[in-house]
1. Does region 248-275 hold any residues that are assigned to a loop (DSSP other than H, G, I, E, B), crowded, with 16+ Cβ neighbours inside 10 Å and of a type outside the set (A, V, I, L, M, F, W, C), and which are they?
2. Tally up the residues in region 92-117 that are free of Cβ contacts under 8 Å to residues at least 40 places away in the same chain and either within 15 Å of the ligand (Cβ to nearest atom) or of a type in the set (Gly, Ala, Ser) (or both), please.
3. From the residues in region 40-72 that are over 24 Å from Ala280 (Cβ atoms) and in contact (Cβ under 8 Å) with a residue 24 or more places away in the chain, which one is surrounded by the fewest Cβ atoms within 10 Å (Cβ to Cβ)?
4. Taking the residues in region 51-70 that are over 12 Å from the mean Cα position of the chain (by Cα) and outside any loop (DSSP other than H, G, I, E, B) as candidates, determine which candidate is farthest from the ligand (Cβ to nearest atom).
5. Just to be sure I understand, how many residues within region 248-275 are hydroxyl-bearing (Ser, Thr, Tyr), within 16 Å of the ligand (Cβ to nearest atom) and at pLDDT 95 or above?
6. Going residue by residue through region 212-229, is there one that turns out to be part of a strand (DSSP E or B), more than 13 Å from the ligand (Cβ to nearest atom) and touching a strand residue (DSSP E or B) at 6+ places or on another chain (Cβ under 7 Å)?
7. Restricting the search to region 116-141, which residues are farther than 14 Å from Ser216 by Cβ and part of a loop (DSSP other than H, G, I, E, B)?
8. Residues that are closer than 20 Å to Gly84 by Cβ, over 20 Å from the mean Cα position of the chain (by Cα) and part of a helix (DSSP H, G or I): does region 162-173 have at least one?
Amino acid sequence: MQVLVPALVLAMVLGVAVPRAALASEALRVVTTFTVLEDLTRQVAGERAEVVTLTPAGAEVHEWELKPRNFMALEHADLVFYNGFNLEQWMHQVRAVVADGVPVVALAERSGYPTRPIVAGDFEGAPDPHLWMDVRAAREYVRTIREALEEADPGGAAGYRRRAADFKERLDALHDEVVRELERVPAQRRLLVTSEAAFVYFAAAYDFRHDGIWGSNAEQEGTPRQLMRVIDLVNEWEPPALFWESTISDRYVRSVASETGTRVAGPLYVDSVSASSGEAPDYISMMRFNARLVANELGVDER
Ligand SMILES: [Zn+2]
């Protein structure tokens, strides 16, 4: 009796390179630059695509060197999502690895959501890249993700549309929840001071005054000039607390706090979600966590 060995299995056993198209489970491979985009993309892609992030949870997204596993992911990518507006200073490295013809999509730029300028430092006046900190902008990221997935994988369109619509509803509810949570902070206490001034869109959406020790993590961090500027600002505004962010050391905020006699709170999650076992492992929990922390720290003590 003749034993039939499928050619594909035989090729794998013999270690012969198998063209990707021959593999049974050929999911679309989507590479994202950081964990926030990874989560937003997963929400739309569901099981239909394989989604990975280049920078892991807790990493600094502004400055990054590609690791060996990043090269592997990029070499096999069908689609690449990044934020744009110069968030990822290292996109030239990505472009050098990705195969010709693979779409590399700047979600923030393609979304068309109106930008706001970086408020301080070397890059002052350039479009601030942290659009996702306004939940309504994240909604536009989701639309942009859905469009790009549909283009790359028309067969999955119905699923992408359904999941994007469901997720947008959850984002609408999240936006309302953030607004409600922050209602606990009276107008004169709506002063949000952080390490990186990354809350430009958050502040505009939820009605806060905002500044940071530095304008962008792409510049040098914690220079005497930056510290002097923000100490003057804190003395003038007198915010109830200063905040640090999960991807940045709290040492500069602590030195500003001790100079000005202000309390320190944190971390807030901006450039990364937390580890999966942490307090803010995805976009929705991150924004919910931030709103609650800000409300608890800046709101009036009702005890
Ligand atoms: Zn940032």
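The values are calculated or read from the model by the stated rules, or taken from the named source; none is laboratory data. What you see is a predicted model; the values in this text were computed from it and never measured. With ideal geometry, Cβ positions are generated from the backbone for all residues, glycine too; neighbour counts draw on all protein chains shown.
1. Asp250, Thr262, Tyr269, Asp271, Ser272, Ser274
2. Adding up the residues that qualify gives 8.
3. For region 40-72, the residue satisfying everything is Glu65.
4. Pro68
5. 4
6. Within region 212-229 (the criterion being part of a strand (DSSP E or B), more than 13 Å from the ligand (Cβ to nearest atom) and touching a strand residue (DSSP E or B) at 6+ places or on another chain (Cβ under 7 Å)), the answer is no, since none of the residues qualifies.
7. Asp134 - this is the single residue of region 116-141 that is farther than 14 Å from Ser216 by Cβ and part of a loop (DSSP other than H, G, I, E, B).
8. no
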